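Just so you know, all these numbers are worked out from the coordinates, no wet-lab data involved. Computed from a predicted structure; not experimentally measured. Neighbour counts run over all protein chains shown; Cβ positions are idealised from the backbone, glycine included.
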Amino acid sequence: MLGVHFALANKTSDSTNDPVTETLSQAIRGTGEELDREPDTGVLFGSLRGSVVGLRYYTGVVNKGEMVSLVRQPQNPYDRNAVMVANVYGSQVGHIKRELAALLANIMDNNLARVEGVVPFGVKNQFTMSVVLSFWGKEENRDAVVRQITSRSFKLQTGPTGTHTHADTGTLIASSWVISCLTVCLKNAFDNLFENLMEDKIGEREAVEAVCTPLLPHQKQALSWMCVCENNVALPHFWEVKGGLFYNTLTHSSVRERPQRVRGGILADDMGLGKTLTTIALILSNFHHGKPLCEPVSCSFAGGSCLLPEHRRPSSQSHSHHLPLISTQQLAGEKTKTLLHICAHTNCQTHTHPNKQSLDQHVRADVKLNVYLYYGSERNRDTHFLSSQHVVLTTYNVLSAEYSVSGGWVCGSASPLHTVSWLRVVLDEGHIIRNPNAQQSKAVLKLNTQRRWILTGTPIQNNLRDLWMLVAFLRLKPFDVREWWNRVIQRPVTQGDKTGLQNLQALVKCVTLRRTKTSRVCGRPLVSLPERSVRIEEVELTQKEREEYELARTEGRTTISRYVAEGTVLKNYADVLAILVRLRQFCCHPDLLGKTTTHTGVVAATPAELRERLIVKLRLVLGTGSDEECAVCLNSVRLPVITHCAHVYCRPCIAQVIRSEQEQARCPLCRGQIKASELVEFPLEEEEEGSNLLENWRSSSKVEALMSSLLRLRSEDDSIRSLVVSQFTRFLTILEIPLREEGFKFVRLDGTMSQKRRAQVIQEFQSDAPGSPLIMLLSLKAGGVGINLSAASRVFLMDPAWNPAVEDQCVDRCHRLGQKRDVVITKFIVKGSVEENMVKIQRQKQDLVEKAFGTKNPGERNTSRVDEIRALMEL
DNA sequence: ACCGCCGGGTGCC
DNA sequence: ACCGCCGGGTGCC
């Protein structure tokens, strides 16, 4: 047990009932976090066969094909190069043989590569076994690693396995596109996952009478499912009992002890299907042992079947629901009785808290539910008090603030929320914790609770990595440890491995309930929505516009065909993008290009010119609706800056990177050198330009097309409201002039507005008060998901988006619950322009997504991307 | 016999 | 470990 002992000695003991396993998995987790900074950027250098020794001293079991993790043990007294081998569950299996350990220690300690192990055969004896080690790292470290390995007379096998790197800009942009396609596909996978499952496997369950709002059938199903998730002790289907052990079919690993089942899950129903109501029903209906929280005093908790162990009780039982009363005596002595409900709102005014309101709204007035709003400087931090509440509502901010101050676990000054043993923690708008580096995410992971729920309408917002945090919060073993998630799910899926995707689906399926507006229950739609129809309106350019357009197009074609001939399309992707965006802007309005337009394709000689080019690109990147996220914080870019290598980040994020890496600072996306002095941001001239735009206003064919539609619509039915959507906020500004001229009352919603202002605008637009606006000018990506614009039933999409899913999402803002009219969508497309080609490409998009999945070779994907550009430019 | 060979004892790092 | 390694016993075939 020496190895275990030393692992323990390394760590501050973090109290759990199984310190050995816990510490071991912490040690493993620790190494995982180190490498998290660049989780997918590794290239496979190669692999080699080695042996694991000392099996007889440890209890960890490993099956054929199982992955193992390698953990350095620098404190081992027999060999400071020691490398411990542990299985998926963190149980030690053995050690790497001495000579090989010396090699690994060198590589691992110098961070030259990440080393992963797989056991190729079943274990043949009790003393040693084979292990295949693979080395993953940055391209620039490949030579050093290979040298280390060969100089110690080991042979590195470099197989034909597809490797992928994000080494150059072109590849990066292309693969971020592929990832967005993957995301679309994953979203579809999410949406389809539960289509066939609901009716036969999930029953319905009535809420207790304390819930005064009647549940719809799909909400009763969700309640039933949630109760099963909390009460049922059966393991998910990817566990099998084999030879007295628990065998995980995803990781091919076995454990002796029954794995801890997730008590809870992800309720990922679409916005508006009633997640909050269902959760309130759960809170009241499924307290301890499947009993309601609010029961009449006459039915004592101590009585009868309540004492039976949970697994011996029928899982779906009907209770008699009398007038609910809360008796504190009933609850006294129970250790975990309180729900912690965490939500996004920072509004501290007691009476306007939305979650408090929905509790009040859905719970009978005669039910005395102790609900405490835990925020504001005067909040009661007493843990006994908190424990005595039925429900505590708090915010992510409060949680993480307390956690960071106290360090979460330090005795004496511990965060009250981290001290209480909760019965259940519910994360409202759970996608907020998708960034594992954020304090609030770390704080959430450390909460002590029996049951865990995540409510979110958008389980995957940007990419797969978002999901890990949710899995980690649920403690879905073993994927709550990053290494296993990365190896079993993340890397295979991002490399287009079908098995990886299947595994992901299996995993998601066992903890998630997701229905969309279009899901069906018992052959009937979950909710019935009015029809929606799309029509494409072709716009002819005027003679003069056509001439100008052709000029710009010819110029762009010349540049791009040169890149195509040179094979440097992807390398000059920023330029290519700029040309395409200019043409698309032209299709909307000639003045969209702005005065800062520079000649693309001409190499910038002076810093001033480079700067101007970068600003143009920055504007393009942020203005195209391409859903730009900062690769450092994974959130939408705030205070945008662009690097010389043309990548956009939040200024504080990239500044932090540069500060910590100093002279060696490299762009997190392309690994190009970056310096703080070379970060370029927007000049403060936007206002000026805007007014310039309006002073010499002129119309365009597309403006005319829109205006005639709007005028016709108003003359036919002046109660119909419209969304006018563009990716170019400057175009929205241009549109304001004719709208005013024709006397349309309108509001505008774009990404530059504060949350408060957005809420105002939305309220104004949704209001049916006389004189409220008929039109909303909407920038394609403004507002994010979930905003409700159901007052509108007409949508005018002024310019096509790269990603059709973004358009759908936008339309969904009015085609949703609460929509009374049929929704008509008009897409304006300029005839004989890039826009037409974009629409064609949109149609092929699904095929391309399939291709992205089918291929392992990133080269192929890039080729299809180049083809796409050629198609756009008709080359 | 300062070797080779045999066979028993032994075994992670 | 049905190995390798170590060290003692042994010694033509």
note = Applied in sequence order to the range A:719-724, the curve 6.51 cos²θ - 1.76 cosθ + 1.60 (Karplus, θ = phi - 60°) yields integer Hz couplings, x standing for Gly and Pro, of 9, 7, 9, 10, 9, 10
query = What is the spin-label model distance, in nm, from A:S677 to A:K831 if the labels are put 7 Å beyond Cα along the C-beta direction?
reply = 5.6 nm
key: Cut-off under 5 Å, modelled amide H: who pairs with A:V724 long-range   = A:M776, A:L777, A:L778, A:F796
key: Cα Rg, Dmax, the range A:72-111, angstrom units   = 10.0, 26
inquiry  = How would A:H589, A:H418 line up from fewest to most surrounding beta-carbon atoms within 10 angstrom?
reply    = A:H418, A:H589
message = Please compute the contact order of the range A:697-829 in relative form: average sequence separation of alpha-carbon pairs under 8 Å and at least six residues apart, divided by the residue count, as a percent.
response = 29 percent
task = Please give the contour-minus-distance gain from A:R562 to A:Q361: 0.36 nm per residue of separation, less the Cα-Cα distance, rounded to one decimal in nm.
result = 65.9 nm
task = Take each of the peptides A:87-96, A:272-281, average the number of other beta-carbon atoms within 10 Å over its residues, and list them starting from the highest.
result = A:87-96, A:272-281
As computed over the range A:362-518, the Cα convex hull volume per residue (Å³) = 146 Å³
inquiry  = At R0 = 51 Å, how high is the FRET efficiency between A:I737 and A:R381 if r is their beta carbon distance? Nearest 0.05 is fine.
reply    = 0.35
task = Sort A:807-813, A:48-54 for me by packing, meaning the mean count of neighbouring Cβ atoms within 10 Å per residue, highest on top.
result = A:807-813, A:48-54
request  = For the range A:644-652, take each phi angle, set θ = phi - 60°, evaluate the Karplus expression 6.51 cos²θ - 1.76 cosθ + 1.60, and give the result in whole Hz per residue in order, putting x for glycine and proline.
outcome  = 4, 8, 6, 10, 9, 9, 6, 4, x
key: Residues with amide H under 5 Å from that of A:V425, placed H, sequence gap 5 or more   = A:L340, A:R451, A:R452, A:W453
query = If you take the beta carbon distance between A:Q656 and A:S528 as r and set R0 to 41 Å, what does 1/(1 + (r/R0)^6) give as a FRET efficiency, to the nearest 0.05?
reply = 0.25
ask   = Tell me, in nm to one decimal, what length is gained between A:E704 and A:T150 on full extension, where the rule is 0.36 nm per residue of separation less the Cα-Cα distance?
value = 192.4 nm
key: Protection-proxy order for peptides A:124-134, A:819-829, A:375-385, each taking the mean of Cβ atoms within 10 Å per residue, highest first   = A:819-829, A:124-134, A:375-385
ask   = In debye, nearest 20: dipole of the range A:697-829 around its Cα centre with unit charges on the Cβ of K, R (+) and D, E (-)?
value = 300 debye
ask   = Which cross-chain or sequence-distant (5 or more) residues have an amide H under 5 Å from the amide H of A:S699, H modelled 1.01 Å from N in plane?
value = none
query = What are the ³J(HN,Hα) values, in whole Hz, obtained from phi via the Karplus relation 6.51 cos²θ - 1.76 cosθ + 1.60 with θ = phi - 60°, for each residue of the range A:535-550 in sequence order, with x given for Gly and Pro?
reply = 10, 9, 10, 7, 10, 8, 6, 6, 3, 5, 4, 4, 4, 5, 4, 4
remark   = Kirkwood radius from Cα pairs of the range A:697-829 plugged into Stokes-Einstein at 4 °C, 1.567 mPa s, gives D in µm²/s equal to 88 µm²/s
query = Roughly what percent of Cα-Cα pairs across the range A:217-260 reach past 13 Å?
reply = 61 percent
Residues of the range A:221-235 with amide N under 15 Å of a point placed 7 Å along Cα→Cβ from A:R258 = A:230-235
query = Rounded to a whole number, what is D in µm²/s for the range A:440-523 from Stokes-Einstein with the Kirkwood radius over alpha-carbon pairs (20 °C, 1.002 mPa s)?
reply = 152 µm²/s
query = Among A:R205, A:R671, A:R56, A:R546, what is the fewest-to-most ranking by other Cβ atoms within 10 Å?
reply = A:R56, A:R546, A:R671, A:R205
query = How much length is gained on full extension from A:E538 to A:Y78, taking 0.36 nm per residue of separation minus their Cα-Cα distance?
reply = 157.8 nm
